[in-house]
Amino acid sequence: MGLNTYNEELADGLQVLRYNVSTAYKSHLDYLDMTPTSDHNFDSAGVGTNRFATILLYMVDFDPSDGGETVFSYGEPYKPQKTPPTYLEAVEEARTYSSLFKVNSWEEKMVAECKSQLSVSPKRAKSVLFYTQHPDGRVDKRSKHGGCPVLTDEKSKWAANLWVWNGPRMGYSTAPSKNQETIKTRGSKRKKKDPTKLPGARRVIFKNDGGDLKFNKASLYYQETLWGDFGPGKSHSVNSFKGHVWNVKGDDGEVLLTWIVEDGEGDQHFVI
Ligand SMILES: O=C(O)CCC(=O)C(=O)O
Ligand SMILES: [Fe+2]
C-alpha cells in the first residue's frame, strides 16, 4: 500500500470486506467502546489507546447508481456537477429500489443518507483516510460512517480496511491497562506518557473538606464510572481534560454535584 514499515502493535491488520446486492454496514464509529470484560484502557483522551485513523482501500469500480458508497453521516455532500437531493427527495429515490428493501427499513433510510450526505463511490486501488480521534485524543463523533447498500446484483463491493491505533493496541504487553491508569494517577513513576502535556489536559484535585453533611456518604464518578469514595476528608488527584464531566453522587446514586473541567493553566481545584 506504499506505507512505511508495518508495525503489528499499531494496526489491526487488513480486514477484507465483501458486500453483495442489498447488503450494507450501518453507520458507526470505528472507535472502540470500553468493555467491562477487558483490562485494556481505551480512553485515548487519557493514557489509553484506541483506533485513531482508518484507511479504507477499494478493490472494485462502482458508479453511484451501483450503491456501495462509504457515507459520512455528518459530512456535507460533495457533488459539484449537480445539486444533491435533500434527505426527503433521497428517500423518494430510495423507494425506487423497493424491490430490494422494505419500506422504512434501515437499509432504505441508509440509501437516502448515502445519496444526501458526503459519500465516496468505490474506485479500484483508491482509498479514503479519515480520523476517529481529535488531535488531543478525544473521540471525533463526526467521523461516523457506514457502508451503503449495494444496489446492483452484477458485481460485489470488495474493500479492505486498516485501523491504525494511537499507541499499542489491545492485547499487547506494552498496551495501557485500566490498572495502569489507577497507578499513574496515584503518582507512580511508571508513567508511559504524560497526558498533562496534551492540549486541554489538566491535573484536577477533588477534595471533600467534610463541612457539608450532605456529602457524608458521597462518591466521585467520572461521568457514570465510579472513581472512588468521596466521603469527608477524601481527596483525589486526577489527570483530566477540558470538558470532562465529574459527578459527585450520594449513597442512593443521585447526582449531588456536577463539575466540568475548564480550560486553563495549572491545577484545577474542586472543593466541598
Ligand atoms: O464498507 C465501507 O464502506 C465501510 C466499512 C467500515 O466502515 C468498516 O469496516 O469499519
Ligand atoms: Fe467503519
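The numbers here are math on the coordinates, done by the rules we state, and not lab data. Not measured: the values here are computed from a predicted model. So basically every Cβ, Gly included, is an ideal-geometry build from the backbone, and we count neighbours across all protein chains shown.
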### Query
Which FRET efficiency, nearest 0.05, do S173 and R142 yield, Cβ-Cβ r, R0 30 Å?
0.35
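If you take the beta carbon distance between W158 and L10 as r and set R0 to 30 Å, what does 1/(1 + (r/R0)^6) give as a FRET efficiency, to the nearest 0.05?
0.75
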### Message
Binning at 10 angstrom from zero up to the longest distance, how are the C-alpha pair distances of segment 194-271 distributed in percent?
### Response
20, 52, 24, 4
## Note on the structure
Links exceeding 21 Å between C-alpha atoms in this model, out of K26/K115; K82/K141; K102/K141; K82/K115; K82/K102; K207/K242, come to K82/K141; K102/K141; K82/K102
#### Entry: Interatomic Cα distance distribution for the chain, bins of 10 angstrom, percent
6, 23, 25, 19, 16, 8, 2, 0
## Note on the structure
Once normalised by the length of the chain, the mean sequence separation of its alpha carbon contacts under 8 Å that are 6 or more apart gives a contact order in percent of 24 percent
### Message
Between segment 194-272 and segment 9-31, what is the separation of their alpha carbon centroids in Å?
### Response
38 Å
### Query
How big is D for segment 11-165, in µm² s⁻¹ as a whole number, if Stokes-Einstein is applied with the Kirkwood radius of its Cα pairs at 4 °C and 1.567 mPa s?
79 µm²/s
### Query
Extension gain R95-K26, at 0.36 nm per residue separation less the Cα-Cα distance, in nm?
23.0 nm
### Task
Net charge near V71: determine it from the other residues with C-beta under 10 Å of the C-beta of V71, scoring Lys and Arg +1 and Asp and Glu -1.
0
